[in-house]
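This report refers to the structure that appears directly beneath it.
The values are calculated or read from the model by the stated rules, or taken from the named source; none is laboratory data. Please read these numbers as outputs of a predicted model, since none were measured by experiment. Cβ: placed from backbone, ideal geometry, glycine included. Neighbour counts: every protein chain shown. For accessibility, only protein heavy atoms count, side chains too; no ligands or nucleic acids. Shrake-Rupley method; radii C 1.70, N 1.55, O 1.52, S 1.80 Å.
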Amino acid sequence: QVQLVESGGGLVQPGGSLRLSCKASGMIFSDYTMKWYRQAPGKQRNLVATIISGGSAVYADSVKGRFTISRDNAKNTVYLQMNSLQPEDTAVYYCNGVYARYNYWGQGTQVTVSS
């Protein structure tokens, strides 16, 4: 079955960096558009970044210039490099893969930005 497994979350000070990874299995990863979402406590889940199979990426305005999404189709993995982290970036980050009628989610990884 399809699995998306995130890793790399944790506690970081304001201004710090983290790199999230999402390892996919059970799917033809290169076919999928991959996305990162985040959900802060008591708030809706919001799209952070999207990367298509060919590598083009789109970002939410709130993270543009600070976050970079990338993918390694040979490793079935999508990444989110997060720099200049701020307390408002605190959330559970979810990996999402979409292709045609298929839509899969990971279990999420917690990112906490606090001094």
Quiz item: Looking only at the stretch 87-115, which residues have a backbone nitrogen under 15 Å from a spot 7 Å from the Cα of GLN1 in the C-beta direction?
Solution: 103-107
Quiz item: Can you run phi through the Karplus equation (6.51, -1.76, 1.60; θ = phi - 60°) for the stretch 91-107 and list ³J(HN,Hα) in whole Hz, with x for Gly and Pro?
Solution: 4, 8, 9, 10, 8, 9, x, 10, 7, 6, 8, 8, 8, 10, 10, x, 8
Quiz item: How many Å² of accessible area per residue for the stretch 30-92, probe 1.4 Å?
Solution: 51 Å²
Quiz item: How much of the accessible area of the stretch 45-115, probe 1.4 Å, is carbon plus sulfur, in whole percent?
Solution: 48 percent
Quiz prompt | Residue-by-residue Karplus 3J(HN,Hα) for the stretch 37-52, coefficients 6.51, -1.76, 1.60, Hz, glycine and proline x | solution = 10, 9, 9, 7, x, x, 10, 6, 7, 10, 6, 9, 7, 10, 9, 8
Exercise. Write out the trypsin sites (Lys or Arg not before Pro) in the stretch 65-115 meeting two conditions: DSSP loop, and at most 12 other Cβ atoms within 10 Å of their Cβ.
Key: LYS75, ARG101
